[in-house]
Amino acid sequence: MKEDNEREYVKRTQRDYSYAFKLSVVKEIENGELGIKAAARKYGIQSHSTVTNWLRKFGSFDWVNKSTMQMPKSKDQRLLELEQKVLLLEKQKKELEKRVETSDKKVIFFDMMIDIAEEEFKIPIRKKSLPEQLIASKSSKKKA
């Protein structure tokens, strides 16, 4: 019985969507990357009318005069946008730091693997030749 209850569709409400999420969807639509219905499908928004309402509230299209003139934003709106951007950037920074740490560990691990393989099989795996630019510069110095 519990599995059946977990699979049931849970209707989302407006409170489920953050301000930053709404702005990003509106921006994507206004940039022409998605249509209204496509955005609703992509992000699992319950209705395309919800997206249309977001466009009316947060978009740059002036629905009264039917023009795309940028509406001035209040200080509170700008502050909220900046706070959301800061949170997003901090999240991205943490994710990138984790990736860097993981890649550093991988490099160390692979170096150790190559060292072990060279010792075990007594075969030089790493190239020990000089880069072509250094070879060319050394040969030109000898000629002079």
Formal net charge of residues neighbouring residue 93 (Cβ-Cβ distance under 14 Å; K, R +1; D, E -1): +1
Net charge of neighbours whose Cβ lies under 12 Å from the Cβ of residue 49, counting Lys and Arg as +1 and Asp and Glu as -1: +2
Sorted peptide list for 23-30, 90-97, criterion being average Cβ within 10 angstrom, highest first: 23-30, 90-97
Förster radius 35 Å - calculated FRET efficiency between residue 91 and residue 111, Cβ distance, rounded to 0.05: 0.65
Ordering of 75-87, 98-110 by burial proxy (mean other Cβ atoms within 10 Å per residue, highest first): 75-87, 98-110
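Every read-out reported here was derived from the displayed coordinates using simple, explicitly stated rules and does not represent laboratory data. None of these values were measured; they are calculated from a predicted model. Please note: Cβ atoms are built from the backbone with ideal geometry, for glycine as well, and neighbour counts cover all protein chains shown.
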